[in-house]
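These notes concern the structure reproduced below.
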Amino acid sequence: MTFGVVVFPGSNCDHDCYDVLKRVFAQQVEFVWHKDTLLDGIDAVILPGGFSYGDYLRTGAIAQCSPIMGAVASFAERGGLVLGICNGFQILLEMGLLPGAMVRNTSLHFICRDVHIRIENSETPFTNRCETGQVLTIPIAHGEGNYFADDATLASLNAHRQVVFRYTSSQGELGSKSNPNGSCEHIAGICNRQRNVIGMMPHPERCADATLGNRDGQLLFASMIDALTARCV
Amino acid sequence: MAQGTLTAREGYRIRELLGREPNELELGMFSVMWSEHCSYKTSKPYLKRLPTRGPHVLQEPGENAGAVDIGNGLAAVFKMESHNHPSFIEPFQGAATGVGGILRDIFTMGARPIALLDSLRFGSPDDKKNQHIIDGVVAGISAYGNCVGVPTVGGATIFNEIYERNPLVNVFCLGIARHSHLMRSQAAGVGNQVIYIGAKTGRDGIHGATMASDSFDDESISQRPTVQVGDPFIEKLLMEASLELVKRRLLVGIQDMGAAGLTGASCEMASGAGTGIELDVEMVPRRERGMTPYEVMLSESQERMLLVVKPDCAGDVLDICTKWDLDAAVIGKVTDDGMLRICKADTVVAEMRACALTDEAPSEKRKSAPPQFQDTLQGLNDELIPLPHDCNSVLLELLGSPNLSNKAWIYEQYDFMVRTNTVIRPGSDSAVLRIKDTSTALAITVDGNPLYCLLNPYVGGVIAVAEAARNLVCSGAKPLGLTDALNFGNPERPEILWQFELVIEGISDACKFFDVPVVSGNVSFYNETNGIAVYPSPMIGMVGLIDPVERAMSQWFKDDGHVVFLLGETHDEIGGSEYVRVIHHREQGVPPRLSLETEGALHTCLLLAIEGGLVCSAHDCAEGGLAIALAESCLSRPQGPIGASITITPDFFDIRVDALLFGETQSRAIVTAESANVSELESLARDVGVPIRKIGTVGGQHLRVKSSDLRLSWIDIDVDVMYDAWMRKK
Amino acid sequence: MSEVSITARVYITLKTGVVDPQGSAIEQALKSLGFDAIDGVRVGRTIEVDFVGRTKDEVAKDIFAMCERLLANPVIENYRVETIPSS
């Protein structure tokens, strides 16, 4: 199976995702240029973090106009796995593949640090190696990760168990002190109803290598590999 | 008019070089190239005293950045540069474009930038006007560095009232290149094409370089229009395109358009190769209509590069620029006559020998003399400093003081993890980055204590280098090379030049002793407002190699039961300390002395101990002294604070108690070891001649420092209370 | 003969109910300056699009499509458009 990491002008975490999949997990992985229009031979798509198009206009807004995004949308519609990390999550929201929107962090500052997130749903192709309720330590690095959705959308996300991660304390407790950016209902990541498209603000690719001192992020990539292997069988 | 900063003597010299009267454009080009900022006319003879060669050096000063060999066919390319004046006028854009400029210096060398560090000097953070500058500078570095995707992994911030009207913003950048990909900024090959790539040229920042060669007065605020605006998105595209061009070997030469814009880039490339360049300003991509040749040649618009390319490669070069959505245009060619010739279509609008603008810039010999106040500064009578009654409250006050408190409020605004190389994050003695696909890592630190440099410029220069090396060694790294950014007042005043001369001498002697060459650097003079100069502020950015990466060492205490050692002797020294400054409100005294031999032995000891796996933590004992070093070792642990019990034997406290706890004696470090390794560590230290003293154990909820007979207890504080004081925001 | 050009100015504002951290920060700052009769600050943005060779009706149609597809995010933002004939 082959992973495709989409490269937009301004993508910064493309190499980090590539490196984890290639070097740590020994997977096939290719960069997909934003001006391409086809995803032939790609089994899972990663929209990496960064500042696509400088994050001008709104974060993630201009990337949705890139030629490749038509192919990404139909890939998602056919049930292909799409993981949006940080700027990738913002792009998925702007495209409407996931509900809601991002606004600036309540502190108005960019924040880079480790946070704790709780697995809210382990029955997704991205979290099947985790337990629901498990707490991961994982880095965030963003200025606009304050997730917003109206009450009806939040109710529907909850009803369909689409909230995959919430910010918590190291003990898994919810609270404003452990919510780094002001997100509605402490949401750190959500999936679509079909469970094949996920967006998350934290960076699993930054904590998937023993040399960097934290391997919690490996669980997500390992889950994806398991899910893809199961599909291929 | 532009020639305002040229002296009559320089004007005469220009007429002599041209053999005629210069026109307005030529005068503007000379004026900017002969400014202190571009020509180093005052500093050059002094800089020649610095050692620049060594077995690891691949590129000495003279190119956009220096380079050292780090093994595996790779080079570390690095430089530090100041952007002080623009950051005072417009903090956000000034700092942002400072980051942009230093990044371009690195990737024009063919190296991919992998780390930024910033060395900042501000006025008191409690003052509203300073807050505006501090917030703007930090936000500017954050916005630019984060967007470009290069991690800001460390830095040093010092607050002092002296920087109120002259904040210093120095940014260090390091990149990695294959040896065979290292580029030069030379316009070699007659007939080759000169290609412009990047952002379009606008009217911004005309005469930024001359502005940086002038002191401030109250009028300067109205200079706002000359500050450039940065576009990190274009920079990112420019970086990726440049690195792709280098990788595909399509370039003969490449140069950033920084200070002095197109003028600087073209004359430097031509004179570097001994060739000439002919340019047509009409071909330059422009942002505004009706720009004159003067404006095009002297604009300091950001995110632009000049390439020299063989004619048969030009098509591929333009294709790569199109791929990255960058403007690109052939604007001229390399000639054999040594002339820089500027044309507007068919008309020559300026013409001079390229090296007349660069190598032949006149140097300026100025007077140097110690300031009259120097004796008063050093004359601190220690006996007038009362001994502290309550060391707990002194420690808490120091921990919460701007210079010693935790800087997470700054570095958490920077993405310090992108590119997934950051092994040791900001908040330890140095940042450590692994080099992927090798077993190695690099440690990087920036240092410089301006108060020491004020009190004794020579000693301040020595300590700046020694402390940087000590920080690297504490992280398990062997120093390879350094870059210096030298920030001073107006060199036309003899006392400023005296400070400059002595600081350089100090840096030079220390570099020679440690065998760490200076491979790049930057001088920023005229950091003064209304006649008040900043303290002499050299910033040393030093790079060291760790092999293997697993040897990377952090400063914090790891676990209960580990034994705490102090390496090095402690003297009765309080002059120039943060303790005297913060608690007794004096910036006076003789700064700590430093013996290079003693310092060198400490480095040997630390490297051998880390190499032998004998220590679990190592922390430089610096500003704030032993007590602050202990507190930092307790508080900076990522899993949360941990306490320690320290006991001091009587032979150790025959000095003033404040010197013992808060004095800043050099050449010391705190290390911890598992009990099984204690005797081996002690004998290692003895073998290399470093005094070693077992002073306690890690563990508990308190940091306690008491005498070994238990009669005296100086410090006993809950680590959570210390943590709250230390985390004071700003 | 010069082409008629029209500038469309788009005002984008956050919908009521969407948190606006920037607006709150500005409100605090204004109050600290003594402007205490304030009951909320919202930050928006303005975008100007210059058209050439289009009638006013065509411009109106285009600019609404642009807003829906890219310029505004309907999840969190409202927008309003005015057109100004230029030279």
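What the table shows:
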read-out: Residues satisfying the stated conditions in the stretch B:133-172, i.e. of a type in the set (F, W, Y) and crowded, with 24+ Cβ neighbours inside 10 Å; value: B:Y144, B:Y163, B:F172
read-out: Only listed residue being farther than 17 Å from B:A76 by Cβ and touching a helix residue (DSSP H, G or I) at 6+ places or on another chain (Cβ under 6 Å), chosen from B:F500, B:F513; value: B:F513
read-out: C:Y79 vs. criteria out of contact with any Gly (no Cβ under 6 Å at 6 or more places or on another chain), within 14 Å of chain A (Cβ to nearest Cβ), in contact (Cβ under 8 Å) with a residue 12 or more places away in the chain and outside any helix (DSSP H, G or I); value: yes
read-out: Any chance B:N130 is among the polar types (S, T, N, Q), crowded, with 22+ Cβ neighbours inside 10 Å and more than 19 Å from B:V229 (Cβ to Cβ); value: no
read-out: Residue, nearest to the other protein chains (Cβ to nearest Cβ), within the stretch C:20-44, restricted to residues that are in a loop (DSSP other than H, G, I, E, B) and either loosely packed, with under 14 Cβ neighbours inside 10 Å or on the phi > 0 side of the Ramachandran plot (or both); value: C:L33
read-out: The stretch A:127-143 - residue that is within 14 Å of another protein chain (Cβ to nearest Cβ) and buried (at least 23 other Cβ atoms within 10 Å of the Cβ) and, of those, farthest from A:L83 (Cα to Cα); value: A:G143
read-out: Unique residue being part of a helix (DSSP H, G or I) and closer than 30 Å to B:I385 by Cα when the list is B:L594, B:L602, B:L607, B:L660; value: B:L660
read-out: Residues (within 32 Å of the chain's Cα centre (by Cα) and assigned to a helix (DSSP H, G or I)) located in the stretch B:11-35; value: B:G28, B:M29, B:F30, B:S31, B:V32, B:M33
read-out: Filter result (crowded, with 16+ Cβ neighbours inside 10 Å and out of contact with any strand residue (DSSP E or B) (no Cβ under 6 Å at 6 or more places or on another chain)) within the stretch B:669-682; value: B:E674, B:N677
read-out: Qualifying residue in the stretch B:426-434 (condition: modelled with pLDDT of 95 or more, facing chain A (nearest Cβ under 9 Å) and surrounded by 20 or more Cβ atoms within 10 Å (Cβ to Cβ)); value: yes
read-out: Qualifying residue in the stretch B:571-587 (condition: farther than 30 Å from B:I496 by Cα, outside any helix (DSSP H, G or I) and of a type in the set (A, V, I, L, M)); value: no
read-out: In the stretch B:36-83, residue surrounded by the fewest Cβ atoms within 10 Å (Cβ to Cβ) [restricted to those that are touching a helix residue (DSSP H, G or I) at 6+ places or on another chain (Cβ under 8 Å) and assigned to a helix (DSSP H, G or I)]; value: B:L47
read-out: Matching residues, the stretch B:388-425, being at pLDDT below 95 and of a type in the set (A, V, I, L, M, F, W, C); value: none
read-out: The stretch A:115-126, subset closer than 18 Å to A:I140 by Cβ and not in a strand (DSSP E or B), residue nearest to the other protein chains (Cβ to nearest Cβ); value: A:F126
read-out: Residue match in the stretch B:404-412 (condition: surrounded by fewer than 24 Cβ atoms within 10 Å (Cβ to Cβ), under 24 Å from B:G575 (Cβ atoms) and touching a helix residue (DSSP H, G or I) at 6+ places or on another chain (Cβ under 9 Å)); value: yes
read-out: Residues satisfying the stated conditions in the stretch A:71-114, i.e. charged (D, E, K, R) and more than 7 Å from every other protein chain (Cβ to nearest Cβ); value: A:E77, A:R78, A:D114
read-out: The stretch B:20-45 residues that are closer than 22 Å to B:S520 by Cα, paired with ones that are among the acidic types (D, E) (beta carbon under 7 Å, 6 or more apart); value: B:W34/B:E10; B:K41/B:E364; B:T42/B:E36; B:T42/B:E364
read-out: Number of positions in the stretch B:469-508 that are under 17 Å from the mean Cα position of the chain (by Cα) and under 14 Å from B:L602 (Cβ atoms); value: 5
read-out: Every pair of residues 6+ apart whose Cβ atoms lie under 7 Å, when the first sits in the stretch B:101-114 and is within 15 Å of B:A259 (Cα to Cα) while the second is β-branched (V, I, T) and outside any strand (DSSP E or B); value: B:L103/B:V148; B:L103/B:V150
read-out: Leading residue by the ranking (surrounded by the most Cβ atoms within 10 Å (Cβ to Cβ)) among those in the stretch C:45-76 that are more than 14 Å from chain A (Cβ to nearest Cβ), within 15 Å of the chain's Cα centre (by Cα) and under 13 Å from C:T7 (Cβ atoms); value: C:I63
read-out: The stretch B:527-559 - residue that is aromatic (F, W, Y) and crowded, with 24+ Cβ neighbours inside 10 Å and, of those, nearest to A:D209 (Cα to Cα); value: B:F557
read-out: Strands (runs of 3 or more DSSP E) lying entirely in the stretch B:474-549 (those with 1 or more residues that are at pLDDT 95 or above, in contact with a Lys or Arg (Cβ under 7 Å, 6 or more places away or on another chain) and among the hydrophobic types (A, V, I, L, M, F, W, C)); value: B:537-546
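Residue by residue, here is whether (1) touching a strand residue (DSSP E or B) at 6+ places or on another chain (Cβ under 6 Å); (2) over 20 Å from B:K367 (Cα atoms); (3) of a type in the set (A, V, I, L, M) holds:
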{"residue": "B:R15", "(1), (2), (3)": "no, yes, no"}
{"residue": "B:R20", "(1), (2), (3)": "no, yes, no"}
{"residue": "B:C38", "(1), (2), (3)": "no, yes, no"}
{"residue": "B:T42", "(1), (2), (3)": "no, no, no"}
{"residue": "B:P51", "(1), (2), (3)": "no, yes, no"}
{"residue": "B:H56", "(1), (2), (3)": "yes, yes, no"}
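Let's see how each residue does on (1) surrounded by 14 or more Cβ atoms within 10 Å (Cβ to Cβ); (2) free of Cβ contacts under 8 Å to residues at least 40 places away in the same chain; (3) out of contact with any Leu (no Cβ under 7 Å at 6 or more places or on another chain); (4) more than 18 Å from B:D560 (Cβ to Cβ):
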| position | (1), (2), (3), (4) |
| --- | --- |
| B:L684 | yes, no, no, yes |
| B:R693 | yes, no, no, yes |
| B:V698 | yes, no, yes, no |
| B:Q701 | no, no, yes, no |
| B:I715 | yes, no, no, yes |
| B:A725 | yes, no, no, yes |
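Residue by residue, here is whether (1) within 14 Å of chain B (Cβ to nearest Cβ); (2) among the small types (G, A, S); (3) out of contact with any helix residue (DSSP H, G or I) (no Cβ under 7 Å at 6 or more places or on another chain) holds:
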{"residue": "A:G145", "(1), (2), (3)": "yes, yes, yes"}
{"residue": "A:F148", "(1), (2), (3)": "no, no, no"}
{"residue": "A:L157", "(1), (2), (3)": "no, no, yes"}
{"residue": "A:S169", "(1), (2), (3)": "yes, yes, no"}
{"residue": "A:G175", "(1), (2), (3)": "no, yes, yes"}
{"residue": "A:P180", "(1), (2), (3)": "yes, no, yes"}
{"residue": "A:N192", "(1), (2), (3)": "no, no, yes"}
{"residue": "A:E205", "(1), (2), (3)": "yes, no, no"}
{"residue": "A:M224", "(1), (2), (3)": "no, no, yes"}
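The values are calculated or read from the model by the stated rules, or taken from the named source; none is laboratory data. Since the model is a prediction, treat every value here as computed from it, not as a measurement. Glycine gets a Cβ as well: all are built from the backbone with ideal geometry, and neighbour counts include every protein chain shown.
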